[in-house]
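A.B. asks: Following this message is one structure expressed as structure tokens.
The values are calculated or read from the model by the stated rules, or taken from the named source; none is laboratory data. None of these values were measured; they are calculated from a predicted model. Every residue, glycine as well, gets a Cβ built from its backbone with ideal geometry; the counts of neighbours run over all protein chains shown. The protein model used for the area step is the full one, side chains on, heavy atoms only, and it has no ligands, DNA or RNA in it. Shrake-Rupley method; radii C 1.70, N 1.55, O 1.52, S 1.80 Å.
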Amino acid sequence: MTIETDILVVGSGMAGLSAALESAEAGYSVVLVEKEPFLGGRVARMHQFFPKLCPPACGLELYFKRLKTNPRISYFTQAEVEQLSGQRGDFKVNLTLNPRYVSLEKCTACGDCIEVCPGHRTNAFNYGMGETTAIYLPCLTAMPYKYVIDRAACANKECTECVSACRYGAIELGSFPKHLRLQVRSVVIATGWMPYDATRLVNLGLGRFGNVITNVMMERLAASDGPTGGRILRPSDGKEVTSVAFVQCAGSRDENHLPYCSAVCCMASLKQVTYVRERNPEAGVHVFFMDVRAPGRYENFYRQIAEDGHVRLFRGKVAKIEENPATGELTVSADDTMYGGKTRTAVDMVVLAIGTAPAANKAAIPGVQLVWDQHGFLIPDGTEGVHPAGVARRPMDVSASVRDGVAAALLAIQDVVRS
């Protein structure tokens, strides 16, 4: 069976959702596919947006409402594009729909299943901080708001505890992948980004020292639905954090790692400074940076942070981070690039502002000749009818991703009209 539709959107972050919704509301049929079991991308894992410092649910809730009420959009989670071939106006797409093992129609998200589930898995939504049971709800704002089973985490393949506990017959442990064929006229690729693997920065101690975390982990620590209920605590012992160091460009602007600026790290760290200051007004904050990049109206936000007497902005390249094994305290050694010399700062916790790496790769969508730059981002002047959007194209913040998704929708609509 082949489903015909006007536009395929791959990825459901802010760029993908924007492209899908704007296309559908302009009168065109859209299929939206997402590899995760929920829509929203990495934005759903954030605590707040800058500079207004509002939660992502503010934007996602409106997007999800628009999506639910628009009959021109069909969406599939846990779906992957296996092959994309053809040309503008006539693309053929093979999709694989991976099993959720829970019926979307029958599940009421009552939670009875998790009470009896003996299996456990690392909580990927919280970037590895904490665990969930093998059957789990991805997040409190999940769309769809349904449970999903990680079969690899089941205590054993014969376990049927969740089946017995479910009063609605929603568990489908015998499910298999399904395959779907689409015929579409235009494609938007909004596959987003992934955090750079900062364990490669051996001198900064991520993965070796328990109190060195990343900026994406900090978002989850500050979130009310995160692993600590919104409290900024040291991962090693749960102690309240009284001093924090933010290390900028952890992997970015480095020819040995990510040679480009990741665009959002400076503002993200300044935003996270407010998390620390709100929860502990007496906490000391140290920000080590090469340059603070706060363009346009973000300059005012930067000035607000810079004028906080509890915040020290230090222009210096961090050379190494050391740990006192007895206390978990960290010492940040940096080269002072403003005045010369070296400095050593003791803190409870270090937050690495890791860079933005493209989530797409050259083997992601076989069948068409896409064009990539030297860093792995998609170049728009590739195959006609295939339009990269958001961070699949280049590093950008949320508001820019929304605009980029709308722009991609306009290009896709032009393809449909011309075909």
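A.B. asks: Once you charge only the Cβ atoms, +1 for Lys and Arg and -1 for Asp and Glu, what is the size of the charge dipole of the chain about its Cα centre, to the nearest 20 debye?
C.D. replies: 300 debye
A.B. asks: Now for a separate question. Select from 365, 275, 383 the residue farthest towards the positive end of the dipole of region 263-385; place +1 on Cβ of Lys and Arg, -1 on Cβ of Asp and Glu, and compute about the Cα centre.
C.D. replies: Value computed over the given set: 275.
A.B. asks: Amide H neighbours of residue 317 under 5 Å, at least 5 residues apart or on other chains, H built in the peptide plane: list them.
C.D. replies: Placed amide hydrogens put 335, 337 under 5 Å from residue 317.
A.B. asks: Per the 1.4 Å probe, what fraction of the accessible area of the chain, in percent, lies on carbon and sulfur atoms?
C.D. replies: Ligands and nucleic acids excluded, carbon and sulfur reach 50 percent.
A.B. asks: Please give the Cα centre distance for region 82-146 versus region 32-54, rounded to the nearest Å.
C.D. replies: 15 Å
A.B. asks: Ok, one more. What's the whole-number percent of alpha carbon pairs in region 160-237 lying beyond 18 angstrom?
C.D. replies: 70 percent
A.B. asks: Running Debye on region 274-401 with equal point scatterers at the Cα sites and no solvent, what base-10 log of I(q)/I(0) appears at q = 0.18, 0.21 Å⁻¹?
C.D. replies: Values, matching the q order: -1.05, -1.22.
A.B. asks: Just to confirm a number: summing +1 for Lys and Arg and -1 for Asp and Glu over residues other than residue 38 whose beta-carbon lies under 12 angstrom from that of residue 38, what do you get?
C.D. replies: After counting each charged neighbour, the total is +3.
A.B. asks: Additional query: I'd like the distance between the alpha-carbon centres of region 230-244 and region 302-350, rounded to an integer number of Å.
C.D. replies: After rounding, the separation between the Cα centres reads 17 Å.
A.B. asks: Which entries of 92/178; 35/65; 320/342 have Cα-Cα distances beyond 19 Å here?
C.D. replies: Pairs exceeding 19 Å: 35/65.
A.B. asks: Now, a different point. Which trypsin sites (Lys or Arg not before Pro) does region 125-193 hold that lie in a coil by DSSP with at most 13 other beta carbons within 10 Å?
C.D. replies: Sites meeting the loop and neighbour criteria: 157, 167.
A.B. asks: I've got another one for you. Which GluC sites (Glu not before Pro) in region 58-134 pass both tests, a DSSP loop state and at most 10 other beta-carbon atoms within 10 Å?
C.D. replies: 105
A.B. asks: Using helices alone, I'd like the mean residue ellipticity at 222 nm for the chain: each DSSP H run of four-plus residues gives -39500 (n - 2.57), total over residue count, nearest 500.
C.D. replies: -6500 deg cm²/dmol
A.B. asks: What number comes out for accessible area per residue over the chain if the probe is 1.4 Å? Units Å², please.
C.D. replies: Value for the chain: 45 Å² per residue.
A.B. asks: Could you list which residues have their amide H under 5 Å from that of residue 194, counting only those 5 or more apart in sequence or on another chain, with H placed in the peptide plane?
C.D. replies: Hits under the 5 Å cutoff: 357, 359.
A.B. asks: Within 12 Å, Cβ to Cβ, of residue 319, how many net charges do the neighbouring residues add up to if Lys/Arg are +1 and Asp/Glu are -1?
C.D. replies: +1
A.B. asks: Something else now. Would you mind checking the tilt of helix 14-25 against the longest principal axis of the Cα atoms of the chain, expressed as 0 to 90 degrees and rounded to 10?
C.D. replies: Roughly 30 degrees between the two axes.
A.B. asks: Antiparallel DSSP bridges in the chain: what percent, to the nearest 5?
C.D. replies: 50 percent
A.B. asks: Taking the alpha-carbon centroid of each part, what is the distance from region 157-189 to region 375-419 in angstrom?
C.D. replies: Their Cα centres are 30 Å away from one another.
A.B. asks: Residue 106: which aspartates and glutamates have alpha carbons under 12 Å from its alpha carbon, excluding same-chain residues fewer than 8 sequence positions away?
C.D. replies: Those aspartates and glutamates meeting the cut-off are 172.
A.B. asks: Gaussian network model of the chain, Cα springs within a sub-10 Å range: biggest mean-square fluctuation belongs to which of 204, 21, 173?
C.D. replies: Residue with maximal mean-square fluctuation among 204, 21, 173: 173.
A.B. asks: From the phi of every residue in region 349-359, what ³J(HN,Hα) in whole Hz does the Karplus formula 6.51 cos²θ - 1.76 cosθ + 1.60 yield, where θ is phi - 60° and glycine or proline is x?
C.D. replies: 3J(HN,Hα) across region 349-359, in whole Hz: 8, 10, 10, 8, 7, 6, x, 9, 10, x, 7.
A.B. asks: If you don't mind, there's one more thing I want to ask. Once you've got the GNM for the chain with C-alpha springs shorter than 10 Å, pick whichever of 68, 271, 35 has the biggest mean-square fluctuation.
C.D. replies: In the Gaussian network model the winner is 68.
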